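Reading through the structure tokens given below for one structure.
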Amino acid sequence: MAYDEEAYKGCFDNAAQEWFGELKPTSGAFPEDLEGTFFANGPGKFQINGQRFKNPFEGDGMVSAVTFAEGGGRAHFRNRFVRTKGLAKEEAAGKVLRANNRQPMGYCAAWAGSLLDRRRNFANRGVLYWGRLCLAMWDGGLPWKIDPKNLETYFQDDVKGYLRKGDKGGETMASRARVDGANNRLVIFGYDGAAKVCVREFNDKLQCGRIREDALPGGPALISDFAITERYYVFSVPKVTLDKLPYTLGLKGLDEALAQPSDAPTSIVLIPRSADTKLRPITIPADPHICWGIANAFDGDDDTVVIDMVRMDPLHLGAAAARAGAAPGISGDSGAFSYAAAVPPRRLVRYTVPVGDGAAAVQQRELCARHCDYATVAARDGARRHRYVYCGVGADAAGGSPHARTPRPPPRRRPSPIQGVCSVDTETGAESVWMAGEKEFLGAISHAPARDGDEAHGGYVIGILTDGLARSSELVVLRALDIAAGPVCRAPINGNIPPSFGAWFTPGAAAAWSPEALDKSFALANLFKRKGWNEAKSEFSSLGMNMLD
């Protein structure tokens, strides 16, 4: 199946509206045992008064949420833009004011230190809801606190003061977070101005129980994701250099100023999950690669760490990109686009990393040869041994059935946009794949457990699908243990939702607000918006009221 390039470009039009309402399935029905809220965050605004941003991945963040009410069988949707200071200024000016970061397509890098100060926080890459705190995240700054029911923006948040603010921009928080399900812990990481990686763990009351600060090898690093095991925080750290002066002066974009030697090994860094600073990080050399995302990691047999990673070959950056003719993505000037030229192939690979002294080399095993993204596992498996990995995958450009249960990975393919879901059985190698139509494209996905918590049930995989030609979107719900059977439910959304970068599911009654509670909260937020009481410049958003109750 080939994808429609015009339809894919159409996904990057401004979201038509902010909307709240009940979703009505056009096929199937919402599962009765699905309870909680699915959150997704990605760019939702790509132009102002006809002036397009140079790179669609600089689009202003928009959070969407779907609550599956307690009792099951119903779902309510809402979406809102993250009202950052930058967005408010541009809307007031009626024109684009931002500097152009020109980042590699789909990749929002976290680069440590004060060099980040001049970059705009788009709040468009990640989202989480934990301990009654909902955050919209971007790798280069502090997250934005939003209301989980009506999605109204409060202010930039330092997570109850745990993220330090300094004269040079202070500390950042990355857009990826991890949950240790067995210990009910949220784990986040970020950088401070001294190029140290800072990892923090929180219980469900948002009390910080553990903090680690460590310098990564080689100084500031290009990191897209991390993982945790019972013993370690896990980072994949490629060797990159930055042409600092042109970047700081704005003469080069980040992708032009970065360089990555193709023959330099990437380091796997294991930081002990302990506050004891006498336990130092362990650095193990691996093949040259970029870690695009991590599904999960766990402590393996024989003193190893196992990492299921979406990896790609070293990026074309700086002068190397120009020599290779790599496209920057969708051009706001000409509309010219080639996904295969702009995006390196990404595969799901299992790394087995030896930890002990004098250990053998890092081992690799390909789990899925399909071009993939958004890899995840069931939340209960976080930091523990898992069997199934779920990921978004590109179309089958080599032909054959797009809906397949195959005992081995298919042939390697050219990169194409994410249009389907694949589950990979890491024990047998079997895949279960469902693909949408050629004009439909998928954003970030999340696994959702069944309400009774029965592991044999397998739970569900949830995502939002967008038709780039029709400018329409719908929610899709698939049964995790039978992805190839297709969605158990498809429900249209009122408007277009551009593909998201990050997703999160919070299960249970605590996030299964009633339709009446959501309606009241949304109406109150709209009232405040009309009155002008919730500008992002004010930390007195929504009259200082907490609408979490």
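A few points about this structure:
- Some residue of region 467-483 being within 16 Å of Gly437 (Cβ to Cβ), at pLDDT 95 or above, open to solvent by less than 20 Å² (accessible area, probe 1.4 Å) and of a type in the set (Gly, Ala, Ser): yes
- Per-region count, region 56-84, residues at pLDDT 95 or above, β-branched (Val, Ile, Thr) and either farther than 17 Å from Leu135 by Cβ or not in a strand (DSSP E or B) (or both): 3
- Residue under evaluation Val306, criteria (1) at pLDDT below 90; (2) part of a strand (DSSP E or B), criterion not met: (1)
- Selection within region 509-520 - small (Gly, Ala, Ser) and open to solvent by 10 Å² or more (accessible area, probe 1.4 Å): Ala509, Ala510, Ser514, Ala517
- Residues of region 428-445 that are small (Gly, Ala, Ser) and either under 20 Å from Ala369 (Cα atoms) or open to solvent by less than 10 Å² (accessible area, probe 1.4 Å) (or both): Gly429, Ala430, Ser432, Ala436, Gly443, Ala444.
- Residue pairs whose Cβ atoms lie under 7 Å apart, sitting 6 or more positions apart in sequence or on different chains, and linking a residue in region 18-32 that is aromatic (Phe, Trp, Tyr) to a partner that is open to solvent by 50 Å² or more (accessible area, probe 1.4 Å), are Trp19/Asn494; Phe30/Arg74.
- Selection within region 22-56: residues that are under 28 Å from Pro515 (Cβ atoms) and β-branched (Val, Ile, Thr). The member of this set that is surrounded by the most Cβ atoms within 10 Å (Cβ to Cβ) is Thr37.
- Screening the candidates Ala112, Ala123, Ala136 for the property of being among the aliphatic types (A, V, I, L, M), in contact with a Pro (Cβ under 8 Å, 6 or more places away or on another chain), more than 26 Å from Ala509 (Cβ to Cβ) and at pLDDT 90 or above yields one hit, Ala123.
- Scan of region 215-241 for residues that are of a type in the set (A, V, I, L, M) and closer than 17 Å to Ala174 by Cα, ordered by number: Ala215, Leu216, Ala221, Leu222, Ile223, Ala227, Ile228, Val234, Val237
- Some residue of region 64-75 being more than 20 Å from Phe505 (Cβ to Cβ) and touching a residue at least 60 places away in the same chain (Cβ under 8 Å): no
- Answer residue from region 215-228, given it is modelled with pLDDT under 90 and assigned to a strand (DSSP E or B) and is least open to solvent (accessible area, probe 1.4 Å) among those: Ile223
- Given (1) over 19 Å from the mean Cα position of the chain (by Cα); (2) at pLDDT below 90; (3) within 18 Å of Pro498 (Cβ to Cβ), index of the condition Ala7 fails: (2)
- Test: residue in region 501-508 that is within 23 Å of the chain's Cα centre (by Cα), open to solvent by 20 Å² or more (accessible area, probe 1.4 Å) and farther than 26 Å from Thr153 by Cβ: no
- Just one of the listed residues (Phe501, Phe540) is at pLDDT 90 or above and closer than 17 Å to Trp144 by Cα, namely Phe501.
- The criterion of being over 27 Å from His386 (Cβ atoms), in contact with a strand residue (DSSP E or B) (Cβ under 8 Å, 6 or more places away or on another chain), at pLDDT below 70 and open to solvent by 40 Å² or more (accessible area, probe 1.4 Å) does not hold for Ala324.
- Among the residues of region 294-310, just one is among the acidic types (Asp, Glu) and open to solvent by less than 10 Å² (accessible area, probe 1.4 Å), namely Asp308.
- For region 240-262, the candidate set comprises residues that are in a loop (DSSP other than H, G, I, E, B) and surrounded by 19 or more Cβ atoms within 10 Å (Cβ to Cβ); within that set, the residue that is modelled with the highest pLDDT is Val240.
- Region 10-19, subset open to solvent by 40 Å² or more (accessible area, probe 1.4 Å) and either of a type in the set (Ser, Thr, Tyr) or closer than 30 Å to Leu133 by Cβ (or both), residue modelled with the lowest pLDDT: Ala16
- Evaluation of Phe298 against (1) modelled with pLDDT of 95 or more; (2) assigned to a loop (DSSP other than H, G, I, E, B); (3) out of contact with any Phe, Trp or Tyr (no Cβ under 9 Å at 6 or more places or on another chain) (one fails), failing number: (2)
- Note on region 144-165: among residues that are part of a loop (DSSP other than H, G, I, E, B) and without any contact (Cβ under 8 Å) to a residue 40 or more places away in the chain, the one that is most open to solvent (accessible area, probe 1.4 Å) is Lys165.
The values are calculated or read from the model by the stated rules, or taken from the named source; none is laboratory data. Quick caveat: nothing in here was measured; it's all calculated off a predicted structure. As a convention, Cβ positions derive from the backbone with ideal geometry for all residues, glycine included, and neighbour counts pool all protein chains shown. Note: areas computed on protein heavy atoms with side chains; ligands, DNA, RNA excluded. Shrake-Rupley method; radii C 1.70, N 1.55, O 1.52, S 1.80 Å.
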